[in-house]
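Read through the structure below, which is laid out as structure tokens, and then see the notes.
Derivation of every value follows stated rules applied to the coordinates shown; laboratory data play no part. As the structure is a computational prediction, the values presented were derived from the model and not from experiment. For neighbour counting, all protein chains shown are included, and Cβ atoms are generated from backbone atoms with ideal geometry for every residue, glycine included.
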Amino acid sequence: MRRFAAIFLARLDMAIGNAANIDSARRQTAGLTNLEVARLLMTHIGQAIFVFAYTLKDNLLSGSNFIGPTRLLNRVVELTNLAYVAVLVVLIPLASAALWRGRDLRLALLCAAILNIMVAGGLSFDQGDRLTVIALPLWATVLVMAAREVLTRREPASSTFGLKNA
């Protein structure tokens, strides 16, 4: 995780104008202590959020680092990643509604695992589909569980607590 955070900090250092390129930014941020990192993030919270979101978007919409110069395969990977983003956009409100309605701890834990993967993806850079693919089984599971929770009808609770009228 420290390597991923170092890349994020280097990109933040470039965004705030402290470094001209990623290599010099990495050298400048490599020796920061945890307290110095926290201070840097709090001082530049707006830019830190922007760099994080921009990096996450880049990772979700990028091609593959493993295909090489094959243009057609790169385009297929980019379109696949775009489909993943569309699924994620649908998944967020659906899972939120299912969590609110069902209060299922399993669903909450799966969502936390997805969030963990997304946070790691926002801290690393130029990872392409490698980070997105890791979350796909979790996305599929949450999508099915959330859809089932939201789309099933529930009977209203009986006010007589199961007693028949006497």
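Per-residue Karplus couplings for the stretch 24-31, computed as 6.51 cos²θ - 1.76 cosθ + 1.60 with θ equal to phi - 60°, are listed in order as 5, 5, 5, 5, 6, 9, 4, x Hz, Gly and Pro entered as x.
For the stretch 1-43, a simple Cβ point-charge model (Lys and Arg +1, Asp and Glu -1, everything else neutral) yields a dipole of about 120 debye relative to the Cα centre.
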